[in-house]
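The structure appears right after this line, and notes come after that.
The values are calculated or read from the model by the stated rules, or taken from the named source; none is laboratory data. Just so we're clear, the structure is a prediction, and the values are computed from it rather than from any experiment. Don't worry about glycine lacking a Cβ; one is built from the backbone with ideal geometry, like all the others, and counts go over all protein chains shown.
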Amino acid sequence: MHEEVIISGFGGQGALFAGQLLTYAGLYEGRQVSWIPSYGPEMRGGTAHCTVILSDEPIGSPIVRNPTIAIVLNPASMDKYEPLVARGGILVVNTSLVRRPAQRSDITVVRVPANDLAYELGNVRMANVVLLGALLATKPIVSPDSVKRAMEEEIPAHRKHIIEPNKRALERGMQYVAEGR
């Protein structure tokens, strides 16, 4: 297995957090991992994305040109990363903010109203984890249990109150895809 994942959105949408969860989950499963964050100078509202590589073999380079998977949280990320997803790859789209349909027919497009689902759960800021759940229901590149373990073990003590809500967000994203919406 070798997956190259880009998670992208506005700063404050949790793209880097979702990438960290995916990376730690891969570590727990004994995979080779790479996580590279990138963000604009703004703390909130600027662009933020991360690159995650999960592999059963050593990773030769952390640079990704054509990810096998992209999770896009906002319209700018859709515009930037849809064209770059490798043929046969997966594009997970937050349709609460991205209104336009995908233009490509050679990739799998997973459309999820992540902000709306997160809002129903009590916190719109969990849209990132809803989308991560949607990805795992589409292609289980790591197990949901490993992601939950990452939440339990890697979220700092002063933020432990977000663990259970984020577990519910992960499950909700998985459920949404399983229901075939």
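Looking at segment 61-75 only, could you name the residues that are in contact (Cβ under 8 Å) with a residue 40 or more places away in the chain and not in a loop (DSSP other than H, G, I, E, B)?
Looking only at segment 61-75, we keep the residues that are in contact (Cβ under 8 Å) with a residue 40 or more places away in the chain, and these are 64, 66-74.
Hits for segment 61-75 are Ile69, Ala70, Ile71, Val72.
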Does Glu171 meet the test of being free of Cβ contacts under 8 Å to residues at least 12 places away in the same chain and either surrounded by fewer than 20 Cβ atoms within 10 Å (Cβ to Cβ) or assigned to a loop (DSSP other than H, G, I, E, B) (or both)? no
If you check Leu135 against the conditions, is it assigned to a helix (DSSP H, G or I) and either under 14 Å from the mean Cα position of the chain (by Cα) or at pLDDT below 95 (or both)? yes
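Yes or no, residue by residue, for (1) under 20 Å from Asn128 (Cα atoms); (2) more than 14 Å from the chain's Cα centre (by Cα):
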| site | (1), (2) |
| --- | --- |
| Glu4 | yes, no |
| Phe10 | yes, no |
| Ala18 | yes, no |
| Tyr24 | yes, no |
| Gln32 | no, yes |
| Ser38 | yes, yes |
| Thr51 | yes, no |
| Ser55 | no, yes |
| Ile59 | no, yes |
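From the list Gly133, Gly122, exactly one residue is within 22 Å of Gly11 (Cα to Cα) and touching an Asp or Glu at 6+ places or on another chain (Cβ under 8 Å). Which is it?
When all the criteria are applied, what remains is Gly133.
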State whether the residues of segment 138-147 include one that is part of a helix (DSSP H, G or I), touching a residue at least 40 places away in the same chain (Cβ under 8 Å), in contact with a Leu (Cβ under 9 Å, 6 or more places away or on another chain) and more than 19 Å from Val92 (Cβ to Cβ). no
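Residues of segment 111-125 being small (Gly, Ala, Ser) and either on the phi > 0 side of the Ramachandran plot or in contact with a strand residue (DSSP E or B) (Cβ under 8 Å, 6 or more places away or on another chain) (or both), which ones?
The first filter runs over segment 111-125 and keeps only residues small (Gly, Ala, Ser), leaving 114, 118, 122.
Once the filter is applied, which keeps residues that are small (Gly, Ala, Ser) and either on the phi > 0 side of the Ramachandran plot or in contact with a strand residue (DSSP E or B) (Cβ under 8 Å, 6 or more places away or on another chain) (or both), segment 111-125 yields Ala114, Gly122.
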